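Below is one structure; the comments refer to it alone.
The values are calculated or read from the model by the stated rules, or taken from the named source; none is laboratory data. This structure is a prediction, so every number in the text was calculated from the model and none was measured. All Cβ positions, even for glycine, are placed from backbone atoms using ideal geometry, and neighbour counts span all protein chains on display. All accessible areas refer to the heavy atoms of the entire protein, side chains included, with ligands and DNA or RNA removed. Shrake-Rupley method; radii C 1.70, N 1.55, O 1.52, S 1.80 Å.
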Amino acid sequence: MSNVLFVCVANSGRSVVAERLFRRLAGDRHAARSAGSAPGPEPHPVVLQALDEVGIDAADHVPHRLDDEDVQWADVVVATCDDACPVIPGKRHVSWHLPDPKGRPLGEVRELLDEIESRVEELVAELDHDAQPKRPVT
(Lines give C-alpha, C1' and ligand atoms only; values in the text may rest on other atoms or scores of the structure.)
Protein backbone atom coordinates (compact mmCIF):
# COMPACT_ATOMS: atom_id res chain seq x y z
CA MET A 1 0.00 0.00 0.00
CA SER A 2 1.21 3.49 -0.84
CA ASN A 3 0.23 6.67 0.98
CA VAL A 4 -0.37 9.58 -1.41
CA LEU A 5 -0.56 13.21 -0.32
CA PHE A 6 -2.16 15.68 -2.75
CA VAL A 7 -1.12 19.29 -2.10
CA CYS A 8 -2.21 22.66 -3.46
CA VAL A 9 -2.31 26.14 -1.98
CA ALA A 10 -5.85 26.38 -0.54
CA ASN A 11 -6.75 22.66 -0.29
CA SER A 12 -10.12 23.79 -1.62
CA GLY A 13 -10.07 22.61 -5.24
CA ARG A 14 -7.45 20.62 -7.16
CA SER A 15 -6.13 18.61 -4.22
CA VAL A 16 -9.65 17.81 -3.02
CA VAL A 17 -10.66 16.52 -6.46
CA ALA A 18 -7.48 14.45 -6.73
CA GLU A 19 -7.83 12.97 -3.23
CA ARG A 20 -11.49 12.01 -3.67
CA LEU A 21 -10.98 10.52 -7.16
CA PHE A 22 -7.92 8.64 -5.93
CA ARG A 23 -9.87 7.14 -3.02
CA ARG A 24 -12.59 5.94 -5.37
CA LEU A 25 -10.19 4.51 -7.96
CA ALA A 26 -7.67 2.96 -5.56
CA GLY A 27 -10.17 1.50 -3.12
CA ASP A 28 -8.34 -0.04 -0.18
CA ARG A 29 -5.15 -0.73 -2.20
CA HIS A 30 -3.69 2.71 -1.41
CA ALA A 31 -4.50 5.63 0.91
CA ALA A 32 -4.85 9.35 0.19
CA ARG A 33 -4.89 12.65 2.04
CA SER A 34 -4.84 16.25 0.89
CA ALA A 35 -3.47 19.45 2.36
CA GLY A 36 -2.70 23.05 1.47
CA SER A 37 0.16 25.42 2.09
CA ALA A 38 -2.35 28.22 2.86
CA PRO A 39 -5.76 26.53 3.34
CA GLY A 40 -8.92 28.36 2.39
CA PRO A 41 -12.02 28.47 4.59
CA GLU A 42 -13.96 25.82 2.63
CA PRO A 43 -13.94 23.87 -0.63
CA HIS A 44 -14.91 25.81 -3.74
CA PRO A 45 -18.67 25.28 -4.30
CA VAL A 46 -18.17 24.62 -8.03
CA VAL A 47 -15.69 21.84 -7.16
CA LEU A 48 -18.21 20.23 -4.82
CA GLN A 49 -20.84 20.47 -7.57
CA ALA A 50 -18.58 18.86 -10.20
CA LEU A 51 -17.64 16.04 -7.83
CA ASP A 52 -21.29 15.52 -6.90
CA GLU A 53 -22.10 15.09 -10.60
CA VAL A 54 -19.76 12.08 -10.75
CA GLY A 55 -21.16 10.58 -7.55
CA ILE A 56 -18.60 11.86 -5.05
CA ASP A 57 -19.84 13.79 -2.02
CA ALA A 58 -17.01 15.97 -0.71
CA ALA A 59 -19.19 18.30 1.35
CA ASP A 60 -17.46 17.00 4.50
CA HIS A 61 -14.03 18.22 3.34
CA VAL A 62 -12.35 20.71 5.66
CA PRO A 63 -9.25 22.40 4.18
CA HIS A 64 -6.16 21.30 6.10
CA ARG A 65 -2.74 22.95 6.46
CA LEU A 66 0.20 20.87 5.25
CA ASP A 67 2.18 19.74 8.29
CA ASP A 68 5.08 17.47 9.24
CA GLU A 69 2.74 14.58 10.07
CA ASP A 70 1.36 14.62 6.51
CA VAL A 71 4.85 14.64 5.04
CA GLN A 72 6.02 11.78 7.28
CA TRP A 73 2.92 9.73 6.39
CA ALA A 74 3.28 10.15 2.63
CA ASP A 75 5.19 7.89 0.27
CA VAL A 76 4.22 10.03 -2.70
CA VAL A 77 3.62 13.81 -2.67
CA VAL A 78 1.63 15.17 -5.62
CA ALA A 79 1.76 18.95 -6.08
CA THR A 80 -1.41 19.78 -8.01
CA CYS A 81 -0.34 23.40 -8.56
CA ASP A 82 2.95 25.18 -9.10
CA ASP A 83 4.71 25.78 -5.79
CA ALA A 84 2.52 24.46 -2.98
CA CYS A 85 5.10 22.19 -1.44
CA PRO A 86 8.84 21.72 -1.45
CA VAL A 87 10.53 18.63 -2.81
CA ILE A 88 11.05 16.42 0.22
CA PRO A 89 14.11 14.15 0.24
CA GLY A 90 13.21 10.47 0.41
CA LYS A 91 9.71 11.02 -1.00
CA ARG A 92 8.54 10.49 -4.53
CA HIS A 93 7.46 13.91 -5.82
CA VAL A 94 5.04 14.44 -8.71
CA SER A 95 4.14 17.85 -10.18
CA TRP A 96 0.89 18.26 -12.09
CA HIS A 97 0.69 22.08 -12.56
CA LEU A 98 -3.10 22.23 -12.86
CA PRO A 99 -5.12 25.46 -13.17
CA ASP A 100 -7.00 26.73 -10.12
CA PRO A 101 -10.75 26.02 -10.40
CA LYS A 102 -11.63 29.01 -8.20
CA GLY A 103 -13.96 31.37 -10.06
CA ARG A 104 -14.15 29.18 -13.16
CA PRO A 105 -17.46 28.13 -14.73
CA LEU A 106 -18.75 24.63 -14.09
CA GLY A 107 -17.93 23.47 -17.64
CA GLU A 108 -14.25 24.29 -17.16
CA VAL A 109 -14.22 22.61 -13.75
CA ARG A 110 -15.72 19.48 -15.33
CA GLU A 111 -12.87 19.48 -17.86
CA LEU A 112 -10.35 19.91 -15.04
CA LEU A 113 -11.96 17.03 -13.15
CA ASP A 114 -11.58 14.85 -16.26
CA GLU A 115 -7.90 15.82 -16.53
CA ILE A 116 -7.29 15.05 -12.86
CA GLU A 117 -9.12 11.73 -13.16
CA SER A 118 -6.88 10.73 -16.06
CA ARG A 119 -3.75 11.57 -14.05
CA VAL A 120 -5.07 9.78 -10.98
CA GLU A 121 -5.82 6.66 -13.06
CA GLU A 122 -2.20 6.67 -14.31
CA LEU A 123 -0.85 7.14 -10.79
CA VAL A 124 -2.99 4.33 -9.36
CA ALA A 125 -1.86 2.02 -12.20
CA GLU A 126 1.81 2.86 -11.47
CA LEU A 127 1.36 2.25 -7.75
CA ASP A 128 -0.48 -1.02 -8.38
CA HIS A 129 2.33 -2.13 -10.69
CA ASP A 130 5.00 -1.16 -8.15
CA ALA A 131 3.15 -3.14 -5.45
CA GLN A 132 3.24 -6.37 -7.48
CA PRO A 133 5.63 -8.98 -6.10
CA LYS A 134 8.79 -9.22 -8.17
CA ARG A 135 9.38 -12.60 -9.77
CA PRO A 136 12.88 -14.00 -9.44
CA VAL A 137 14.85 -14.19 -12.66
CA THR A 138 15.55 -17.82 -13.60
By the Kirkwood definition, with r running over pairs of different Cα atoms, the chain has a hydrodynamic radius in Å of 15.1 Å
Membrane-span-like helices in the chain: DSSP H runs reaching 15 Å or more (Cα, own axis), mean Kyte hydropathy at least -0.5? 14-26, 106-131
Could you do me a favour and compute the accessible area per residue for the chain, 1.4 Å probe, result in Å²? 54 Å²
Quick one: which residues, 5 or more positions from L98 or on another chain, have an amide H under 5 Å from its amide H? H modelled 1.01 Å from N in the peptide plane, none for Pro or chain starts. C81
Carbon and sulfur %, accessible surface of the chain computed with the full protein complex present, 1.4 Å: 49 percent
At 25 °C and 0.890 mPa s, grab the translational diffusion coefficient of segment 91-135 from Stokes-Einstein with a Kirkwood Rh over Cα pairs, rounded to a whole number in µm² per second. 195 µm²/s
For S12, the residues 5 or more places away or on another chain with a placed amide H closer than 5 Å to its own amide H are G40
Given the C-alpha atoms of segment 53-109, compute the convex hull and give its volume per residue in Å³. 131 Å³
Which net charge results for the neighbourhood of L98, defined as the other residues with beta-carbon distances under 10 angstrom from its beta-carbon, given Lys and Arg at +1 and Asp and Glu at -1? -1
Report the relative contact order of the chain, percent, no decimals, based on alpha-carbon pairs under 8 angstrom and at least 6 residues apart. 30 percent
Charge context of H61, other residues only, Cβ under 9 angstrom, K/R +1, D/E -1: -2
